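The values are calculated or read from the model by the stated rules, or taken from the named source; none is laboratory data. From a predicted model like this one, the values you see are computed outputs, not experimental measurements. So basically every Cβ, Gly included, is an ideal-geometry build from the backbone, and we count neighbours across all protein chains shown. All accessible areas refer to the heavy atoms of the entire protein, side chains included, with ligands and DNA or RNA removed. Shrake-Rupley method; radii C 1.70, N 1.55, O 1.52, S 1.80 Å.
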Amino acid sequence: MAVGTLTAVPVRVDRVDRAVAGWAMALAPAVGAGLGAAGAAVFAAALLLGAGGPLSAVLALGLLALLTRALHLDGLADLADGLGSGRPAEEALAVMKRSDIGPFGVVALVFAVLVQAAALVRLAETGLWPAAAGLVAAAAAGRLAITAACTPGVPPARPEGLGAFVAGSVPRPAAGAAAAGVLVLAALCGLVHSAGAALALPAAAALGVGAALALLVRARRRLGGITGDVLGALCETASAAALTAAAVLL
């Protein structure tokens with residue numbers, strides 16, 4: 001369910017219930033790490049073939065959008081339109097359900113993609129491995145934000161939909177284990193490059209999740225809880241913030 005919900009990879013899911021949803025959301029960072037590794041491979045291959053940093057970054061981010069059907073980016077755009085509308089919760093949720101994208105959504109999408117691409121290019125100036133490791137850590141951190149948003153105490157904004165199905169489904173110990181796993185993964189990826197990177201990448205991942213949690217607080221106050229769009233927006237926010245932090249710290 002984690003793979004089927006968070007990616008476009010076709011998988012067979014024989015059981016779908018709240019217990020499975022909890023495990024799926026707890027394992028979301030592992031799916032993110034796999035996506036990040038795929039993007040890092042494309043980034044590295046493009047760089048080695050002489051494509052240059054900017055084009056290589058665009059290709060890597062394009063692959064991530066393709067592998068996820070751009071669902072997280074769509075969620076970011078929808079949440080930006082909903083919050084930017086300045087309307088009450090019910091009307092803002094109605095704005096988010098529309099199929100079109102408004103000006104707030106467009107700006108949020110452009111900003112997020114440009115920030116991620118620029119951060120990747122900056123990391124590549126430090127070395128190929130720091131850029132690849134940073135992308136893996138950022139992708140895992142993005143999905144860890146989803147895990148955190150599905151812990152008890154965070155209600156759904158609607159009585160139906162993905163948000164209602166996964167809200168509160170991840171036990172706090174499982175979320176803590178997922179967070180520890182992301183930090184360890186980031187540290188190990190960084191250690192291949194240097195001791196400094198082994199400290200910088202976990203810090204970057206933590207800062208990325210922190211930025212997403214700040215957005216979660218805002219979304220909860222305005223909308224009353226989470227939706228599938230909110231989860232996607234948290235993912236993209238954490239990924240962009242983590243990549244930015246890695247680019248600054250390394």
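Just a few scattered comments:
- Counted residue by residue at 0.36 nm each, then reduced by the alpha carbon distance between them, the extension gain from GLU91 to VAL13 reaches 24.7 nm.
- Applied to the range 6-15, the Karplus parametrisation 6.51 cos²θ - 1.76 cosθ + 1.60 on θ = phi - 60° returns per-residue 3J(HN,Hα) values of 9, 9, 9, 5, x, 9, 9, 10, 8, 9 Hz, with x for Gly and Pro.
- Legend: Rg and Dmax of the range 144-233, from Cα coordinates, 14.8, 48 Å.
- Taking amide H positions as modeled 1.01 Å from N, with prolines and chain starts lacking one, the residues under 5 Å from ILE226 and 5 or more places away or on another chain are ALA157.
- In this structure, VAL192 and VAL217 have a Cβ-Cβ separation that, at R0 = 45 Å, corresponds to a calculated FRET efficiency of about 0.80.
- By definition, a body whose alpha carbon gyration tensor gives a ≥ b ≥ c is oblate when a/c is 1.5 or more and a/b is not larger than b/c, and the range 1-154 fits this oblate description.
- Fluctuation leader among ALA92, ALA240, ALA140 - the chain, Gaussian network, Cα springs under 10 angstrom: ALA92
- Among 118-126, 73-81, 226-234, the order from most to least packed when residues are scored by Cβ within 10 Å on average: 226-234, 73-81, 118-126
- Element breakdown for the chain at a 1.4 angstrom probe: carbon and sulfur atoms account for 70% of the accessible area.
- Placing unit charges on the Cβ atoms only, positive for Lys and Arg and negative for Asp and Glu, gives the chain a dipole magnitude near 360 debye about its Cα centre.
- The stretch between VAL248 and ALA180, if pulled fully straight at 0.36 nm per residue, gains 22.2 nm over its current Cα-Cα span.
- In order along the range 152-164, phi translates into HN-Hα couplings of x, x, 10, x, x, 7, 10, x, 9, x, 4, x, 5 Hz, rounded to whole numbers, per the Karplus curve 6.51 cos²θ - 1.76 cosθ + 1.60 with θ = phi - 60° and x for Gly and Pro.
- Along the axis of the charge dipole computed for the chain (Cβ charges of +1 for Lys and Arg, -1 for Asp and Glu, origin at the Cα centre), the listed residues ALA241, SER56, VAL106 are led at the positive end by ALA241.
- Of all complete DSSP H helices in the chain, those with a Cα span along the helix axis of 20 Å or greater and a mean Kyte-Doolittle hydropathy of 1.0 or more are 28-48, 53-67, 103-126, 128-149, 172-191, 195-223, 228-249.
- 1.4 Å probe accessible area per residue over the chain, in Å²: 42 Å²
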